[in-house]
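Input: a single structure, listed below in structure tokens.
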Amino acid sequence: MITAFWVALRFLTCLPVPRGLPHGGPTAGHSVVMYPLAGLVIGALCGIGAALFDGVGEGLRAAIVVTLWVALTGGLHLDGLADWADAWAGGRGDRAKSLALLEDPHAGTMAIVALVLLLLMKFAALTEALGSQAYAPLILAPVLGRTAVTLVLLTTPYVRMAGLGSELATNLPRRAAIGSTGVAFVVCAFGLGVFATAGALATVYLLRRFMIAHLGGCTGDTLGATVEVVEAVILVTAASGL
């Protein structure tokens, strides 16, 4: 499984990984099992970054952490959020048109609005959380965000026949994926509390329903958007003291 972990880290982050890792095929599917662990790496690095800048103002520290967070992931999931926002606004309920818009590399108004609002929400929530020295939400939000991807792939049809996402869905080892998802949610329930973890589950449920109603299933972009929205929900819930 170590190879699957490195493949997950290569896909989900910009961190250096060993050379010669396989592309696609069964290893790609097995890498999904390691998504929660890859999320923990991202969260731990963000937590270290927050600790290193403990002496600066909370607003500046939150901005630094958000920047580090985006840099670690290369904006991969933000791109998915932007594309889905444009597809939702431009598709107007037309599944075929929405799927076509997901392929359009240009960013429309809704894409920009979605990105600004989400990053603003993360920044404000981190300002509150770090002000009270609450590091668990920062460390565990990336875990639940990427666990949500595994959960959606386990329960939702993948609507594109080509691409990496299709390989992930086709080669996903269901028993191992269910196990890693369950462990991640239990661990996060202890670290974040039952309410925040349940909020993440409810968010995945609602997003999944929207995917099916809007597109007939999930795509790589909707999976990326799910990561971002779940992370934001965790941070906002923690900052609200819920």
task: Quick one: which residues, 5+ away or cross-chain, put their amide H under 5 Å from the amide H of residue 158? H built at 1.01 Å from N.
output: 218
statement: The ³J(HN,Hα) series, computed from each phi in segment 113-127 with the Karplus coefficients 6.51, -1.76 and 1.60 at θ = phi - 60°, rounded to the nearest Hz and given as x for glycine or proline, is 4, 4, 5, 4, 5, 5, 5, 5, 5, 4, 4, 5, 5, 5, 4
query: Dipole of the chain (Lys/Arg Cβ +1, Asp/Glu Cβ -1, origin at the Cα centre): which of 200, 143, 187 lies farthest to the positive side?
result: 187
query: Across the Cα atoms of segment 1-84, what radius of gyration and what greatest pairwise Cα-Cα distance (Dmax) are found, in Å?
result: 14.8, 47
message: Relative to 2.2 N^0.38 Å, what does the C-alpha radius of gyration of the chain come to as a ratio? Two decimals please.
response: 0.97
message: As a footprinting exposure proxy, order 209, 146, 92 by other Cβ within 10 Å, with the fewest listed first.
response: 92, 209, 146
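Only counting other Cβ atoms within 10 Å, I'd like 183, 236, 32 sorted with the fewest neighbours first.
Values: 183 13, 236 21, 32 27.
Taking fewest neighbouring Cβ atoms as first place, the list is 183, 236, 32.
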For segment 2-239, with +1 on Lys and Arg beta carbons and -1 on Asp and Glu, the positive-most of 129, 64, 35 along the dipole: 35
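Quick one: dipole size for segment 14-149, taken about the Cα centre, charges +1 on Lys/Arg Cβ and -1 on Asp/Glu Cβ, in debye to the nearest 20.
It comes to approximately 220 debye.
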message: Can you compute the helix-only [θ] at 222 nm over the chain? Use -39500 (n - 2.57) per DSSP H run of at least 4 residues, normalise by all residues, nearest 500 deg cm²/dmol.
response: -25500 deg cm²/dmol
message: What Kirkwood Rh does segment 169-242 have if only Cα atoms enter the pairwise 1/r average? Answer in Å.
response: 13.4 Å
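Values quoted throughout were computed directly from the atomic coordinates according to the rules given, and no laboratory measurement underlies them. Keep in mind that what you see is a predicted model, and the values were worked out from it rather than measured. For neighbour counting, all protein chains shown are included, and Cβ atoms are generated from backbone atoms with ideal geometry for every residue, glycine included.
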